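Comments concern the structure below.
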């Protein structure tokens, strides 16, 4: 009995650690799977992750750095621009690019977004483009209220309601961030949430630039 209880405690701890580091795509709420229920900005993760960008939410920032696909050309998946038009990554060719896949229901995604907003401004003059592409199936209906509430300075609401990027990148986790150099070749991908203020993140950005 004691052994069984110990095993259950270990499993619970591992599940909690995984929940803090990234969101399994299969953990998406039922509303994400079938698109049948309305979710408002007040119902999603942002207010559950307090002050993580200030450094006291360290547990929210855990990731794996993957260089196995370095040198791979950027894909041509179609997605939706903030003005409702069609876009592909080819529209951003010629400058380094950071593509972040996230969702409103993913707490680690939300935790890192203020840091992404900050580096988008910090590196803008050096040509870095930061695209936060939502994987929410309800698209603007779900994402626009989120952005209106958070009032990001540099990030915009790009949408991928068909989850082409999640399926194509195949990491099975959100957030996933992929960096491309000015030639459109992959530098590295970050699986999980990274504090983009950190030295490790800035070194990765410098490599991309």
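Before moving on, here are some points about what is shown:
- Cα→Cβ-extended label distance, 7 Å offset, between residue 66 and residue 140, nm: 3.1 nm
- In plain terms, the chain from residue 81 to residue 185 could stretch by 35.3 nm, reckoned as 0.36 nm per residue minus the Cα-Cα distance.
- Each part reduced to its alpha carbon centroid, the range 104-125 and the range 67-92 end up 18 Å apart.
- Residue 162/residue 198 FRET efficiency (R0 22 Å; Cβ-Cβ; nearest 0.05): 0.10
- Virtual paramagnetic centre 7 Å along Cα→Cβ of residue 154, amide N under 20 Å, in the range 123-141: 123-134
Read-outs throughout are calculated quantities, based only on the coordinates presented, and are distinct from any laboratory measurement. These numbers come from a predicted model, not from an experiment. As a convention, Cβ positions derive from the backbone with ideal geometry for all residues, glycine included, and neighbour counts pool all protein chains shown.
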